[in-house]
Amino acid sequence: LVRLRARLSRSQTSLGKGLLTLLSRERLDDETWEEIEDTLLTADVGVAPTQELVDRLRERVKVLGTRTPEDLRLLLREELLALIGTDADRSVHTANGIGNGGDEIPGVVLVVGVNGTGKTTTTGKLARVLVADGKSVVLGAADTFRAAAADQLQTWGERVGARTVRGPEGGDPASIAYDAVKEGIAETADVVLIDTAGRLHTKTGLMDELGKVKRVVEKHGPVGEVLLVLDATTGQNGLVQARVFAEVVDITGVVLTKLDGTAKGGIIVAVQRELGVPVKLVGLGEGADDLAPFEPEAFVDALIG
Ligand code: GDP
């Protein structure tokens, strides 16, 4: 928790403290509630969730006799947790699947998202977590759009001890993804992580490409997880991206990167609403250790101190 707090940006934690300070005012007049609303909207919580939270807080504060700092902290904690949700399955599904031939095949994870959001870095960090957990991992460098992506992924692979399957520059992403799973099966690896390309400006191209990657991989067997990587600093733009990707492929989890550099953590709430899938991992920096499971309790505690 201390580590999480240290890595969330100062502006992020001051968001939680700011809310507490506002709630602690002697007179909770309409103006103060508006300020609370603005604080939430600025953090990208989104209009409907903000309204819900403010309504709930107003209602609950009304029935509180006294408003001790501890009362308010607990109340805000409960309501933020209710908004984020504590019941979702936030584990990344990397278990073996049953291949189309009836044999076990590695767990397959597709990592999708717009270039620049931190897809390749996240794939590398995730490989590191899995290897540390005793799993053997094969990486598929299917981002053939960004020239340096395959090198970058391979460097991660070498660092953590995972083989990287790559193709010629500008090669067919689907065939690289297919080969990566084939390699994973041949090596009896535990998990195959596939980094893909995200060119949002050509939506139909992206649709064709990502859909094809998934279909081709499914010739081997099921895809266990499709992780959408979103950059938390892009705010509402990230939501637009999420919508487009969700049209192309069934997203099963979200990775929110660069939470260390923004006060806009509210995007967690907004994106979960938008997609109906949980945030599973958060990126808290550029380093190898800076990928963490998303734990609502720890996050909220770090937020409000
Ligand atoms: P891709 O194009 O989506 O594969 O993006 P990259 O993985 O190359 O990442 C783009 C930039 O974002 C790189 O400079 C990464 O180091 C940086 N990055 C990725 N994740 C995080 C994060 O959680 N926090 C911070 N601060 N930077 C990150």
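Filtering the stretch 163-175 down to residues that are within 24 Å of the chain's Cα centre (by Cα) and within 16 Å of the ligand (Cβ to nearest atom), which residue is farthest from ARG128 (Cα to Cα)?
Of the residues in the stretch 163-175, the ones within 24 Å of the chain's Cα centre (by Cα) are 164, 173-174.
Retained after the next criterion (residues that are within 16 Å of the ligand (Cβ to nearest atom)): 164, 173.
Details: THR164: 13, PRO173: 23 Å.
Among residues in the stretch 163-175 that are within 24 Å of the chain's Cα centre (by Cα) and within 16 Å of the ligand (Cβ to nearest atom), the one farthest from ARG128 (Cα to Cα) is PRO173.
Rundown of residues vs (1) more than 16 Å from the ligand (Cβ to nearest atom); (2) more than 14 Å from the chain's Cα centre (by Cα); (3) among the polar types (S, T, N, Q); (4) farther than 21 Å from GLY305 by Cβ, yes/no style:
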{"position": "LEU64", "(1), (2), (3), (4)": "yes, yes, no, no"}
{"position": "ASN100", "(1), (2), (3), (4)": "yes, yes, yes, yes"}
{"position": "GLU104", "(1), (2), (3), (4)": "yes, yes, no, yes"}
{"position": "GLY118", "(1), (2), (3), (4)": "no, no, no, yes"}
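Being open to solvent by 60 Å² or more (accessible area, probe 1.4 Å), at pLDDT 95 or above and away from the ligand (no atom under 16 Å from the Cβ) narrows it down to one of THR94, THR86, so name that one. Outline the logic, then answer.
Details: THR94 fails: open to solvent by 60 Å² or more (accessible area, probe 1.4 Å).
None of the others qualify; the one that does is THR86.
Considering only the stretch 121-137, state which residues are open to solvent by less than 60 Å² (accessible area, probe 1.4 Å) and over 21 Å from the mean Cα position of the chain (by Cα).
Of the residues in the stretch 121-137, the ones open to solvent by less than 60 Å² (accessible area, probe 1.4 Å) are 121-127, 130-131, 136-137.
Across the stretch 121-137, the qualifying residue is only SER136.
Are any of the residues in the stretch 187-197 more than 20 Å from LEU281 (Cα to Cα) and open to solvent by 60 Å² or more (accessible area, probe 1.4 Å)?
yes
Residue by residue through the stretch 293-305, note down the ones that are open to solvent by less than 20 Å² (accessible area, probe 1.4 Å) and either under 19 Å from THR94 (Cα atoms) or under 14 Å from the mean Cα position of the chain (by Cα) (or both). Before the answer, list the steps.
Going through the stretch 293-305, the residues open to solvent by less than 20 Å² (accessible area, probe 1.4 Å) turn out to be 294, 296, 299-300, 302-304.
Of everything in the stretch 293-305, those that are open to solvent by less than 20 Å² (accessible area, probe 1.4 Å) and either under 19 Å from THR94 (Cα atoms) or under 14 Å from the mean Cα position of the chain (by Cα) (or both) turn out to be PHE294, PRO296, PHE299.
Could you check, for the stretch 144-153, whether at least one of its residues is more than 20 Å from the chain's Cα centre (by Cα), closer than 16 Å to ALA189 by Cα and either within 11 Å of the ligand (Cβ to nearest atom) or in contact (Cβ under 8 Å) with a residue 60 or more places away in the chain (or both)? Show your work before the answer.
Let us first name the residues in the stretch 144-153 that are more than 20 Å from the chain's Cα centre (by Cα), namely 144-148, 150-152.
Then drop every residue that is not closer than 16 Å to ALA189 by Cα, which leaves none.
No: the stretch 144-153 contains no residue that is more than 20 Å from the chain's Cα centre (by Cα), closer than 16 Å to ALA189 by Cα and either within 11 Å of the ligand (Cβ to nearest atom) or in contact (Cβ under 8 Å) with a residue 60 or more places away in the chain (or both).
Can you name the residue in the stretch 245-291 that is open to solvent by 30 Å² or more (accessible area, probe 1.4 Å), in a helix (DSSP H, G or I) and among the aliphatic types (A, V, I, L, M) and, of all such residues, is nearest to LYS214 (Cα to Cα)?
ALA246
Among the residues of the stretch 242-289, how many are within 19 Å of ALA302 (Cβ to Cβ), within 13 Å of the ligand (Cβ to nearest atom) and of a type in the set (Gly, Ala, Ser)?
5
Please identify the pairs in which a residue from the stretch 111-132 that is more than 16 Å from ALA288 (Cα to Cα) and among the small types (Gly, Ala, Ser) has its Cβ atom under 8 Å from the Cβ atom of a residue that is part of a helix (DSSP H, G or I) and more than 6 Å from the ligand (Cβ to nearest atom), counting only partners at least 6 apart or on another chain.
Filtered contacts from the stretch 111-132: GLY113/GLN241; GLY113/PHE245.
The values are calculated or read from the model by the stated rules, or taken from the named source; none is laboratory data. What you see is a predicted model; the values in this text were computed from it and never measured. Quick reminder, even Gly has a Cβ in these numbers, built from the backbone with ideal geometry, and neighbours come from all protein chains shown. For accessibility, only protein heavy atoms count, side chains too; no ligands or nucleic acids. Shrake-Rupley method; radii C 1.70, N 1.55, O 1.52, S 1.80 Å.
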